[in-house]
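First up is the structure itself, then whatever we jot down about it.
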Amino acid sequence: MKNKKILNLYQFLRKKYGKLIWWTHETPFEIMIGAILVQNTQWKNVEKALENLKNNNMFSAEKIRRLSLETLIQLIKPAGLYNQKATRIKSICDWYKDESHFQVLRRKRTATLRKELLSINGIGHETADAILLYGFKRTIFVVDAYSQRLLINEGVIEKQMPYLELQSLFHNALPKSYLLYSQYHALIVHHSKTLKTSRISYDTK
DNA sequence: AACCAGGAGAGAG
DNA sequence: CTCTCTCATGGT
């Protein structure tokens with residue numbers, strides 16, 4: 001059975017907040033680094049870390065791979081959790097290698113990429129899917145704590161569900177569209193944040 | 001001045 | 001499988 005409420009919720013949020021632009025002009029490499037840096041951190045702090053890397057001319061996989069762990073830690077410090085994030089960024093740069101190798105990566109199947117990403121230290125389901133969606137433009141829905149809460153508050157689900165089950169719920173309820181998926185996820189995050197400060201109701205009628 | 005942010009991993013039960 | 005802890009800065 002198809003869940004129409006999930007699609008209705010998207011249309012409601014889309015009308016309420018309009019188009020949300022998330023990672024449309026950024027390069028896949030920047031999206032990957034950003035996805036690591038933003039873990040359990042506000043985006044505002046991630047921007048400082050990204051600026052540090054760019055200002056020091058260290059914003060490429062090759063350069064970061066040659067960078068000492070200590071220096072990398074100093075550069076990304078404003079994003080917090082810097083010890084683990086530095087080694088995670090190292091790991092992902094080893095996988096990415098360089099821009100020519102990206103041409104190889106982009107030809108792989110989504111399922112293959114997802115497995116490879118998940119095998120990298122520091123990349124779990126959510127980060128892997130964010131990279132696949134926004135970086136590789138694959139039609140994969142990014143599930144997070146917000147989307148889980150939204151579905152519970154709307155009575156779509158009873159209680160918490162495993163990540164992959166929740167994801168297939170969205171996949172089955174929505175038309176397969178990169179634009180839709182990327183917009184929906186951004187809308188859910190934005191909506192949940194504004195809710196805290198202004199207590200707007202979810203009412204979709 | 002506690003609490004949380006666009007999580008992941010390791011450990012225990 | 002489901003909790004619980006840890007990681008750490010920066011903003012309310």
How much length, in nm to one decimal, is gained on full extension between A:H25 and A:K48, taken as 0.36 nm per residue of separation minus their Cα-Cα distance?
-> 6.4 nm
Size of charge dipole - segment A:50-205 - debye, nearest 20, with Cβ of Lys, Arg +1 and Asp, Glu -1, no other charges = 280 debye
How long are the three semi-axes of the equivalent ellipsoid of segment A:1-74, in whole Å, if each is the root of 5 times an eigenvalue of the C-alpha gyration tensor, listed from largest down?
-> 35, 13, 12
Select from segment A:1-83 those GluC sites (Glu not before Pro) which occupy a DSSP coil region and have at most 16 other Cβ atoms within 10 Å, ordered by residue number.
-> A:E26
Can you list the trypsin sites (Lys or Arg not before Pro) in segment A:84-163 that are in a DSSP coil and have 16 or fewer other beta carbons within 10 angstrom?
-> A:K97, A:R106, A:R107, A:K108, A:R109, A:K137, A:K159
Along segment A:51-64, what does the Karplus equation 6.51 cos²θ - 1.76 cosθ + 1.60 (θ = phi - 60°) give for ³J(HN,Hα), rounded to whole Hz, x for Gly and Pro?
-> 4, 4, 5, 5, 5, 9, 6, 10, 9, 7, 4, 4, 5, 5
Share of alpha-carbon pairs per 10 Å distance bin for chain A, given as whole % = 8, 34, 33, 19, 6, 0
Please work out how much length the chain gains when fully extended from A:T41 to A:R65, using 0.36 nm per residue of separation minus the C-alpha to C-alpha distance, in nm with one decimal.
-> 6.3 nm
With springs only between Cα atoms under 10 Å, which of A:I152, A:I73, A:I188 fluctuates most in a Gaussian network model of chain A?
-> A:I152
Angle between the Cα long axis of helix A:82-96 and the longest principal axis of chain A, 0 to 90 degrees, nearest 10?
-> 80 degrees
How much FRET efficiency would the formula 1/(1 + (r/R0)^6) give for A:I73 and A:N3, where r is the Cβ-Cβ distance and R0 is 45 Å, rounded to 0.05?
-> 0.50
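FYI, it's all coordinate maths here, none of it is from the lab. All figures in this text were calculated on a predicted structure; none of them were measured in a lab. Backbone-built Cβ (ideal geometry, glycine too); neighbour counts: all protein chains shown.
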